[in-house]
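Below is one structure, written out as structure tokens; the observations come after it.
What follows is calculated from the coordinates using simple rules that are stated; it is not laboratory data. On a predicted model such as this, the values are computed, not experimentally measured, just so you know. Virtual Cβ from ideal backbone geometry, glycine too; neighbours counted across all protein chains shown.
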Amino acid sequence: MVQRSFLPALFGLVLIVCATLMGGALKAAPYAAMVMDARTGEVLHSRNADTRLHPASLTKMMTLYVAFEAIRLGEITLDTPVRISQNAASEPPSRLGLRAGSTIRFRYLIRAAAIRSANDAATAIGEAISGSEAAFAQRMTRTAQALGMTRTTFRNAHGLTQEGHLSTASDMTIMGRRLFYDYPQYYNIFSRRQDDAGIATIRNTNRALLDAYRGADGIKTGYTRAAGFNLVASAERGNVRVIATVFGGQSTAWRNQRIMELMDMGFARAPARATERRPALPSYGPNSGAGRGETVLTSGVVSRSLRPMPRPGATQAPRAPEPALLAAIEEAVGQAIQAAATEPDPQPQATPEPASTTADALPPSATQPMPRPQAQVETAVTQPQPVPPRPADEPEPIIVAGPLEPEVITRASSSGSRLFGVSLGPQPSHHAAERLLLRTALSEIGTFDQALRRVVQRSGGYEARFQGLTEDQAARACARLTARAIPCEPFGPAS
């Protein structure tokens, strides 16, 4: 009797313990969700969306956003080689398998973080941009504040559980929308089922949803024991795009099923037609440190005349000119080149033309051919100047007679000490090179506003060049052009 009466009590105790453990697990990863109309930013459904929770690898959305921003600002390029630190190489799985001391191109780190959700790649991205993961996490938090993610703080680049590393379903939905609108040229990475990451072929952690839900094209999964199964997903059907977020899923299958239900709800509630409201790129204060090369005035006193400051929002990359404008420019360039070809050459100058003479820069609206450069050396004879009266106590100077020699004065080049430039590569004709220079100058007015355009005939064609830049300006110009998939190579005085 004693043994039989003990068994029910023991069984009840086991049930209580199990319920307590399950309750603790649920409390560690509470459920939160949000659905948003991506076109307008309107919230279509929300549950616990402002509760601060562990984001897990959803963190990598911000890591990648800052990486894209750094490329846009010219801080780094897709082909920059990144040296892997011991800190990055020792990150726990999920990993790409980077080794300390090895180097890998930046583009492969982006792929690994976005597709494989590799923690070592995410840490390497942060260290490559900000020097350390801690400094990068501070930049991530500043960027989150600028994007309106007011309840998010980051402590690392990968999303592993750390005290104070928290976000919300609302903030992560905003993050997903900003990735789509602010950097559409990179958004396709999130929908790739697999890709080459330099040292390995990687497969997408979100491919089950991408294959199961019509119109799905991203964005990011996440899991830790403290966070549960998280996911930010986006899908487009017709003219409607919705973004849904789940925090605290019970399993991968449960999370995917719930996210599909949320997106179905979003498509049912979103209007078929809506005015798209594209967000503007974030604006940072002067002391934000969001990018390199920022100028901070420590005093209100201006010691010299400064260049006009750009209008708000002018930090983003200039948009390409309209097709009609490009067609008019090409027609004007063609007429100018044709006129130059039919115009008789002027008589040669008496003095030899230096080999380093550069053509003068034309304003973008000019349609006349560039004038031929003139010789830069001229001579002048100095004229005698009146002699001031000599003090009485000063001895009379000794004057040595001799022939009066002409003083040679060399006119400085229009580029001054700006001896560097960038090459856009060889073109098949002089016309094509001129057209490439003009189109590039128009699309990057802020970069080449003081540069000289020149076409140099080479054995392989006609090389299009911008000259008259400093070494730093040339490097930054190439970084901006490379980010836009325009071939570019900087050169120095000897080139």
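What does the C-alpha gyration tensor say about the overall shape of region 137-261? Classify as rounded when a/c is under 1.5, otherwise prolate if a/b is larger than b/c, or oblate.
Values: a/c = 1.32, a/b = 1.28, b/c = 1.03.
The shape class here is rounded.
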(request) Give me the number: length gained by fully extending residue 52 to residue 225, i.e. 0.36 nm times residue separation minus the C-alpha to C-alpha distance, one decimal in nm. (result) 60.7 nm
(request) Within the set of other residues whose C-beta is less than 9 Å from the C-beta of residue 330, count the net charge using Lys and Arg as +1 and Asp and Glu as -1. (result) +1
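Can you tell me the FRET efficiency between residue 236 and residue 161 if r is taken as the Cβ-Cβ distance and R0 is 41 Å, rounded to the nearest 0.05? Walk me through the intermediate numbers first.
On the way: r = 33 Å, r/R0 = 0.80.
The value I calculate is 0.80.
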(message) Cα atoms only: what Rg and Dmax, in Å, come out for region 38-168?
(response) 14.9, 48
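Quick one: 260, 149, 62, fewest Cβ neighbours within 10 Å first, how do they rank?
On the way: 260 18, 149 23, 62 28.
Fewest-to-most ranking of 260, 149, 62: 260, 149, 62.
Could you please rank 481, 78, 98, placing first whichever residue has the fewest other Cβ atoms within 10 Å of its Cβ? Before the final figure, lay out each step's value.
Values: 481 23, 78 17, 98 28.
By the 10 Å Cβ count, ascending, the order reads 78, 481, 98.
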(request) Report the extension gain between residue 195 and residue 459 in nm, rounded to one decimal, defined as 0.36 nm multiplied by the number of residues separating them, less their alpha carbon distance. (result) 91.2 nm
(request) Could you point to the residue in 469, 430, 490 farthest towards the positive end of region 415-495's charge dipole, with +1 and -1 charges on the Cβ of Lys/Arg and Asp/Glu respectively? (result) 430
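Counting alpha carbon pairs within less than 8 Å and at least 6 residues apart, what relative contact order, in whole percent, applies to region 69-143?
Working: 106 pairs, mean separation 21.3, N = 75.
After rounding, I find 28 percent.
Fewest to most neighbouring Cβ within 10 Å: what's the order for 246, 240, 422? Don't skip to the answer; put the middle values down first.
Values: 246 28, 240 18, 422 25.
Ordered by Cβ neighbours within 10 Å, fewest first: 240, 422, 246.
How high is the relative contact order of region 415-495? Use alpha-carbon pairs under 8 Å, at least six apart in sequence, and give a whole percent. Write down the numbers at each step before the final one.
Working: 141 pairs, mean separation 36.7, N = 81.
45 percent.
So what is the relative contact order for region 24-269, in percent, with contacts set as C-alpha pairs under 8 Å and at least six apart? Mind dumping the intermediate values first?
Numbers: 531 pairs, mean separation 62.7, N = 246.
Relative contact order, region 24-269: 25 percent.
GluC sites (Glu not before Pro), restricted to region 205-280: which are DSSP loop and have at most 15 other Cβ atoms within 10 Å? It would help to have the intermediate numbers written out before the result.
Values: sites: 236, 261, 276; in loops: 276.
Filter output for region 205-280: 276.
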